[in-house]
Every structure is written in structure tokens, then in C-alpha cells.
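Notes for the one structure printed next.
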Amino acid sequence: MNSLPKSYRRFRQEHPVVWNAYEELGKQAAEDGPLDLKTRELIKLGMAASAASESAVHSHTHRALQAGASPAEIEHAVQLGITTMGFPRAMAALSWAKEAIRDHEEHKSA
């Protein structure tokens, strides 16, 4: 998933210095520890689900798939949050993740 939401693209264009600093911070945070890419994306997926951020759930689902996560691992990452974020929020996030998995599979086979 290479396309950012329109608001992100606009911000990147209007504030390139801030955007580049943000990108660099993310890169440094990722490289500062022992977790592999797949694990990092599954963790970020769980955080996105907990925040009820539909676009972030979609994004990190796609990224986790690209990093080698299976659909079952993605669903489990969201399911683990049921007792932390609540059942309704977890079910919403699970539906967003499943939608992103379907989209990913459709684009892969197209």
C-alpha cells in the first residue's frame, strides 16, 4: 500500500521539513531495537486498533502482510486487544483488518 491518505499527502507537500523529520523519527525508532519488521507492524496494528484509527489499521495490515504476516497472525494481533480496548472496538478493528486483507489479496491477484 503505497498511497497515503489525501490529508497526509497534502501535509507532506505543504510541510516537507516536518514530514521528513517525522519519517526519520519513525525510521530511528524502528531501528533502535531488536524487533523484526513483521513484529513491529503487528504491534503497530494493535496500537492502531486500540486507537480506533481505521486508516492506520488498514495501513498496518497491508504493511504487516508485506512483511510476511499471515491473515491469521493479523487477526490474532487485533484479537489480543479485546480485553484492553473492549469488544466493540476490537470487532470494528477486526472488520477493518479483514477488509484490508481482502483488498491486499485482490490487488495481489490482479
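Summary of computed values
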item: Between region 67-110 and region 21-44, the Cα center-to-center distance that results, in Å; result: 20 Å
item: Under 11 Å, Cβ to Cβ, from residue 77 - net charge with Lys/Arg +1 and Asp/Glu -1; result: -1
item: Nearest 10 degrees, 0 to 90: helix 87-109 Cα axis against the chain principal axis; result: 70 degrees
item: Highest-fluctuation residue, 98, 38, 27 considered, GNM on the chain with Cα pairs under 10 Å; result: 27
item: Sorted peptide list for 57-64, 14-21, 82-89, criterion being average Cβ within 10 angstrom, highest first; result: 57-64, 82-89, 14-21
item: CD proxy at 222 nm, helix term only [per DSSP H run n ≥ 4: -39500 (n - 2.57); per residue of the chain; nearest 500]; result: -25000 deg cm²/dmol
item: Entries of 44/98; 38/108; 38/98 with Cα pairs more than 22 Å apart; result: none
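Bear in mind that the values in this text are calculations on the coordinates, not laboratory data. Nothing here was measured: the structure is a model prediction, and the numbers come from that model. Here the Cβ is made from the backbone with ideal geometry for all residues, glycine too, and neighbour counts use every protein chain on show.
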